[in-house]
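Okay, structure first, notes after.
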Amino acid sequence: MVNYCPCCGNKIEDNERFCAKCGFSVQTIQEEYSPANNGLSIVGFVLSFFISIAGLIISAIVLHKTPISKRDHAFGKAGLIISIISLVTIILSIIFWIIFYFLILNFAIMY
């Protein structure tokens, strides 16, 4: 199985401990990554649609713990992006409704 260096993206074979291109220690990444991150990445991705803050936190954890070459890293990145978009949308809609409420309130007072 061919892995990729998380720093430079260079191909690294299973028996190599260091990246030949940048010298990054790959052994620590292979030890840190566990299949449990797979479930965590999917949970973070799904939560980002419904509970944005929880999705944001879990997706950030997955991004931190998962090597770039793994599929879970992509789920983590997608969950992070969706969570940020959701939070920005929620904040903008709250600001809109506050402004709208005060405009209606001022309009009612004027008449």
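Structure data summary
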read-out: Condition broken by Cys22, with the remaining ones in (1) in the same structural domain as Leu87 (by TED's automatic domain parsing); (2) at pLDDT 80 or above satisfied; value: (1)
read-out: Residue within the range 8-16 that is in a strand (DSSP E or B), modelled with pLDDT of 75 or more, over 15 Å from the mean Cα position of the chain (by Cα) and surrounded by 15 or more Cβ atoms within 10 Å (Cβ to Cβ) present; value: yes
read-out: Residue that is nearest to Lys11 (Cα to Cα), among those in the range 47-58 that are without any contact (Cβ under 8 Å) to a residue 24 or more places away in the chain and not in a loop (DSSP other than H, G, I, E, B); value: Ile58
read-out: Residues of the range 59-96 satisfying the condition of being among the small types (Gly, Ala, Ser) and either more than 18 Å from Cys7 (Cβ to Cβ) or free of Cβ contacts under 8 Å to residues at least 24 places away in the same chain (or both); value: Ser59, Ala60, Ala74, Ala78, Gly79, Ser83, Ser86, Ser93
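The values are calculated or read from the model by the stated rules, or taken from the named source; none is laboratory data. None of these values were measured; they are calculated from a predicted model. So basically every Cβ, Gly included, is an ideal-geometry build from the backbone, and we count neighbours across all protein chains shown.
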